[in-house]
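Written out below as structure tokens is the structure these notes cover.
The values are calculated or read from the model by the stated rules, or taken from the named source; none is laboratory data. Because the structure is predicted, anything quoted here is derived from the model rather than measured. Positions of Cβ are backbone-derived with ideal geometry, glycine not excepted, and every protein chain shown enters the neighbour counts. For the accessible areas, the whole protein counts, side chains as well, though only heavy atoms, and no ligand, DNA or RNA atoms are used. Shrake-Rupley method; radii C 1.70, N 1.55, O 1.52, S 1.80 Å.
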Amino acid sequence: MSEIIEGILKAIELIVTGNPTVVEITVRSLLISGTATFLSVIWSFPIAMLIGLKSFFGKRFLKGIFHALLGMPTVLLGLILYLIFAEGSILSALGILYNPIGMILGEAILVTPIVISLVISSVEAVDPEIKDLAKTLGASEFEASIAVVKESTGGILLAVIASFNRAIAELGIAMMLGGNIRHFTSVLTTTIALETGKGDLPLAIALGIILMLIVFSISLATNLLQRKQK
């Protein structure tokens, strides 16, 4: 018990003093996960809007697929992507294995079902009369869709935040595609796992505290923002 307490105290010291290793890993984690979330939103948002606003054959089946992919184990997805990008494989020429680019792409793919599913739910929750009213007032199909998007802003924001939190807290893809290379691909989760195994509890605890602070702070800020909007 005394070792754990001592480790927590040393961890706090590392954070307060701005330990270079802690700062470096934290910044890299934010950049990789933030970029992955941004990329995912770029390609997921149009898909979600198309599914959410349109009626077509197979819509329920397509939504079911994205809902099912929410439970995709990160280790399994990491393995699939590893086999695709590994030397001698289909996309090995890209050279993104054990590279931040590979990690970004992997995390972006991981959170795509989250963005799509939550945005669809948010759009479908908007009263259909809002779109009909916009058309009645002379709005085009695109302008009416924009009106729906404005009404579902809160849900869309939650989708983005949930995706970022999922990306920054995942381990499987970061480890399998990044390899936890020091000063290059090491991020919060992979370093926590490595340092715990090595017995360096202060560093592991410090990074764990930072990870929790990031996730909780973003979630809290989002909740406060939504309350102000109401």
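Brief remarks on what is shown
- Å² of accessible area per residue within region 108-166, as computed with a 1.4 Å probe and no ligands counted: 47
- Lys-Lys pairs in the chain that are eight or more residues apart or on separate chains and whose Cα atoms lie under 27 Å of each other come to 18.
- Using alpha-carbon coordinates, inclination of helix 2-16 to the longest axis of the chain, degrees: 60
- In degrees, nearest ten, helix 20-53 long axis to first principal axis of the chain (Cα): 20
- Using only side-chain charges placed at the Cβ, +1 for Lys and Arg and -1 for Asp and Glu, the dipole size of the chain relative to its Cα centre rounds to 460 debye.
- Percent of Cα pairs exceeding the 21 Å cut-off, where the set is the chain: 63
- Distance between region 5-63 and region 153-206 - C-alpha centres, whole angstrom: 9
- Carbon + sulfur, % of accessible area of region 20-110 - ligands and nucleic acids excluded, 1.4 Å: 77
- Using R0 = 41 Å, the C-beta based FRET efficiency linking His183 and Ile47 works out to 0.65.
- Accessible-area ranking of Met103, Met49, Met176, largest first, probe 1.4 Å: Met176, Met49, Met103
- Helix 59-69 and the long axis of the chain differ in direction by around 10°, with both axes built from C-alpha atoms.
- The ratio of the alpha-carbon radius of gyration of region 59-177 to the globular-protein estimate 2.2 N^0.38 Å is 1.36.
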